[in-house]
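S.K.: Can you keep this structure in mind? I'll have questions shortly.
Here, each number is a calculation from the coordinates, and none is a lab measurement. Only a predicted model underlies this, so the values are computations on that prediction, with no experimental measurement involved. Cβ placement follows ideal geometry from the backbone for every residue including glycine, while neighbour counts extend to all protein chains displayed.
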Amino acid sequence: MQGRSAKIILKETFGFDGFRGKQLEIIEDIIEGNNVLVLMPTGAGKSLCFQIPALMKEGLAIVISPLISLMQNQVEALKILGIEAETINSNNSPEQNQAIWKKINQGRLKFLYLSPEKLITDQMLDVVDDLNVSLFAIDEAHCVSQWGAAFRPEYEGLSLLHTRYPTVPIVALTATADQGTREQICSKIFSDNVTPYLTGFDRPNIALNVEIKNGWKQQLLRFLKDRPPENGIVYCLSRKKTEEAAKALVEQGYNALCYHAGMAGEKRQENLNRFMTEDDLIMVATIAFGMGIDKPDIRFVYHTDLPSSPEAYYQEIGRAGRDGAPAVAHMLYGMDDIRMRRMFIDNENSDDMHKRRSHQRLNALLSYCETPVCRRVSLLDYFDNETNYKNCGNCDLCACPRKTVPATEAGQKFISAIMRTGQSFGVAHIVDILMGKMTDRMAKLNHDQLPTYGIGQEFNVSEWKSLARQLMALGFIVADMEYGSIKITESGFLLLKGQEDFDYCPDVVLKKSKNNITSKSKKTALELSDNDQDLLHQLKIFRKEIAAKRSVPAYIIFSDKSLIDMASKKPVTLDQFGDVFGVGEGKKKKFGKQFIEFIEQASS
């Protein structure tokens, strides 16, 4: 290894005592000049895997990132650590770019953040040819996969890096990639000349809950009712719904904003800045509010609608609990979600293979929603992630297991009613037939004369609707995209003939206790004395003021864990301040004196 050792940099620059998982192994591989693919859960320390090698090596590290906001936050975080870092993007003035190139030419810059579009221009590549590049780091590498939920065509241009710069190591990093996506990353970016490090997808601190949709607005308010003021994200499928949900929250006294692509850019940025700096704000958003939201203290992600795939779901819930403290991922899901998602896929401007893959991914997410066993095991199985447990103890199904009952005959009754009415009616009318409910429509159509009329008394209306949803999720029936009528699939006809079996999982009510998990940081804070808790509160206010002056998110100054450590240790010297969790030399020099003085005044 060159220069300072990785462990010294970890402590002196980043303020951490030891590496986690495979971090050191990855760093050593990069130092030796090898290409690596790093797949780590969000919050597991991916950035250190390329930042430390870049600090150990001579030259400039070029980091490719998809979003300006993400680049700016990471640059500011490095600067606060005392590291020379910059980003060249469309927001820069010519004077800013000129100053950055001066630093590069003088050899003073260690990190340059660029978008893939900016890097792969002929003009930029000609300049890079003459630079001493220590490594390329490709963040959010799953964007290169055309099968993924976050495909970015410009990422495909990065395939030229390994041929144009064969001696420069490339690090590709992602938290979300199934087997097919990993294969595309390895093939496109590296031509398969790469060592993959797959450290797992498990985020055990996130409680996984799925609730059957039944009045989403009331369900959202019920979820929030007993939770303390905290940061959270509420995802909605449409722009209109985000505004409706945000309005409902504000009317109930919550600090809430909305974010979607239809808003003016200035307003979106203003709302984003508030979310990143305030500690009790709920952002109601479409998926336009997504990649690059690197805020560690988000305590919940709430989906009012079904995401598009397991990858999209995992990516979105991964924005919660990045600090390692407990968080909640809560999803509402119903039959209309299945119909809408099928319609979106079929209306895509893409080839048949891509649509087939999209349907397969949706099927996998539906299986997750309808699984009768531990949700975490089901989700990790999709990503080929072996687990050491059969029950995680931190999902709704572990808290309240579902019983699977044989229901082939019930499924046949439902499908028979669909067939006998010409596959021209929706679920509600089919259920009315099975329940023997006489309506004006029933009488007018003479459907009370059908053999299936009244033969479904063993279930109530809610149970039949639940059964219909599961028949749809398992692919026995589908909803007509335009009219909503129910159609029978090939598998459905096999079920009707007794050549397929169907098992039904009665819906269960979520246990309320699983909805309100006290965060680890709050538990730690509760272990402090009353005076120390008061000091912690004052430190958070002080941190927020400093962050506001620097126009950066508060967590970039110090994490909650660092503040808790300060409140407990009450350092009075710079050396003692350097022993606080997450305090390296850069932060000690920048903030040590003022925080020591603040702690002394607040404690007196």
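S.K.: Listing 183, 409 from the residue with the fewest other Cβ atoms within 10 Å to the one with the most, what is the order?
M.R.: Details: 183 15, 409 11.
In increasing order of surrounding Cβ atoms, one gets 409, 183.
S.K.: Now for a separate question. Quick one: which of 251-263, 57-69 comes out on top by average Cβ neighbours within 10 Å, and what's the full order, highest first? Don't jump to the answer; show the numbers that get you there.
M.R.: Values: 251-263: 16.5, 57-69: 20.2.
Top to bottom by mean Cβ count within 10 Å: 57-69, 251-263.
S.K.: May I pose another question? Across the range 28-45, in residue order, what do the Karplus-derived ³J(HN,Hα) couplings come to in whole Hz, using 6.51 cos²θ - 1.76 cosθ + 1.60 with θ = phi - 60° and x for Gly and Pro?
M.R.: 5, 5, 5, 4, 6, x, 8, 7, 9, 10, 10, 10, 10, x, 4, x, 8, x
S.K.: Same structure, new question: Per DSSP H run of at least 4 residues, take -39500 (n - 2.57); add these up for the chain, divide by its residues and hand me the 222 nm value, nearest 500 deg cm²/dmol. Display every interim value, and only then the final one.
M.R.: Working: 28 runs with 280 residues, N = 604.
The helix-only estimate for the chain comes to -13500 deg cm²/dmol at 222 nm.
S.K.: Also: In whole Å, largest first, what are the principal axis extents of the Cα atoms in the range 206-399?
M.R.: 41, 39, 31
S.K.: With a cut-off of 8 Å between alpha carbons and a minimum separation of six or more residues, what is the relative contact order of the range 405-504 in percent?
M.R.: 39
S.K.: Evaluate the range 405-504: find the radius of gyration of its Cα atoms, find its Kirkwood radius, and give the ratio Rg to Rh.
M.R.: With Rg and the Kirkwood Rh in hand, the quotient comes to 0.94.
S.K.: Another question, then. Throw me the Rg/Rh for the range 106-254, computed over C-alpha atoms with Kirkwood Rh, two decimals.
M.R.: Details: Rg = 21.5 Å, Rh = 19.3 Å.
For the range 106-254, the value is 1.12.
S.K.: Name the residue farthest towards the positive end of the dipole of the chain from the options 470, 331, 167, assuming +1 on Cβ of Lys and Arg, -1 on Cβ of Asp and Glu, about the Cα centre.
M.R.: The listed residue farthest towards the positive side: 331.
S.K.: Where does the range 6-198 land on Rg/Rh, using Cα atoms and the Kirkwood Rh?
M.R.: 0.93
S.K.: Please express the shape of the range 520-603 as an equivalent ellipsoid: the semi-axes are the square roots of 5 times the eigenvalues of the C-alpha gyration tensor, given largest first in whole angstrom.
M.R.: For the range 520-603, the ellipsoid semi-axes come out as 18, 15, 12 Å.
S.K.: Checking a compactness column here: for the range 286-364, what do you get for Rg(Cα) / (2.2 N^0.38 Å), N being the number of residues? Present the calculation step by step, with values, prior to reporting the outcome.
M.R.: Working: Rg = 14.2 Å, N = 79, 2.2 N^0.38 = 11.6 Å.
Cα Rg divided by the expected 2.2 N^0.38 Å: 1.23.
S.K.: Now a separate question. Specify the inter-centroid distance of the range 65-139 and the range 349-413, based on alpha-carbon positions, in whole Å.
M.R.: 42
S.K.: What length, rounded to one decimal in nm, is gained on full extension from residue 25 through to residue 423, with 0.36 nm per residue of separation minus their alpha-carbon distance? Walk me through the numbers on the way to the answer.
M.R.: Numbers: separation 398, 0.36 × 398 = 143.28 nm, distance 5.89 nm.
Result for the pair: 137.4 nm of gain on full extension.
S.K.: Continuing with this model, one more query. Compute the acute angle (0 to 90°) between the alpha-carbon long axis of helix 585-603 and the principal axis of greatest extent of the alpha-carbon atoms of the chain; round to the nearest 10°.
M.R.: 80
S.K.: Let me ask you something else. With θ set to phi - 60° and the Karplus curve 6.51 cos²θ - 1.76 cosθ + 1.60, what are the ³J(HN,Hα) couplings of the range 364-381 in order, to the nearest whole Hz, using x for Gly and Pro?
M.R.: 5, 5, 5, 5, 4, 5, 9, 4, x, 10, 3, 5, 5, 4, 4, 5, 5, 4
S.K.: Further, regarding this structure: Want the number for residue 274 to residue 367: 0.36 nm per residue separation, take away the alpha-carbon distance, what's left? It would help to have the intermediate numbers written out before the result.
M.R.: Values: separation 93, 0.36 × 93 = 33.48 nm, distance 3.68 nm.
In short, 29.8 nm is gained.
S.K.: Could you work out how far the C-alpha centroid of the range 424-473 sits from that of the range 196-251, in angstrom?
M.R.: 33
S.K.: If the chain between residue 105 and residue 217 were fully stretched, how many nm would it gain, using 0.36 nm times the residue separation less the Cα-Cα distance? All intermediate terms of the calculation are to be shown ahead of the outcome.
M.R.: On the way: separation 112, 0.36 × 112 = 40.32 nm, distance 5.60 nm.
Contour length minus the Cα-Cα distance gives 34.7 nm.
S.K.: Also, I was wondering about something else. At 7 Å along the Cα-to-beta-carbon direction for both residue 67 and residue 252, put a label point, then send me their distance in nm to one decimal.
M.R.: Label at residue 67, label at residue 252, 2.5 nm between them.
S.K.: If you build the Cα gyration tensor of the range 380-452 and take the root of 5 times each eigenvalue, what three semi-axes come out, in whole angstrom, biggest first? Can you show the working numbers first?
M.R.: On the way: eigenvalues 331, 36, 26 Å².
In descending order, the three semi-axes are 41, 13, 11 Å.
S.K.: Using the alpha-carbon atoms, what tilt in degrees (0 to 90, nearest 10) does helix 239-251 show relative to the longest principal axis of the chain?
M.R.: Rounded to the nearest ten degrees, it is 80.
S.K.: In degrees from 0 to 90, rounded to the nearest 10, what is the angle of the helix 179-190 Cα long axis to the longest principal axis of the chain?
M.R.: The angle comes out at about 40 degrees.
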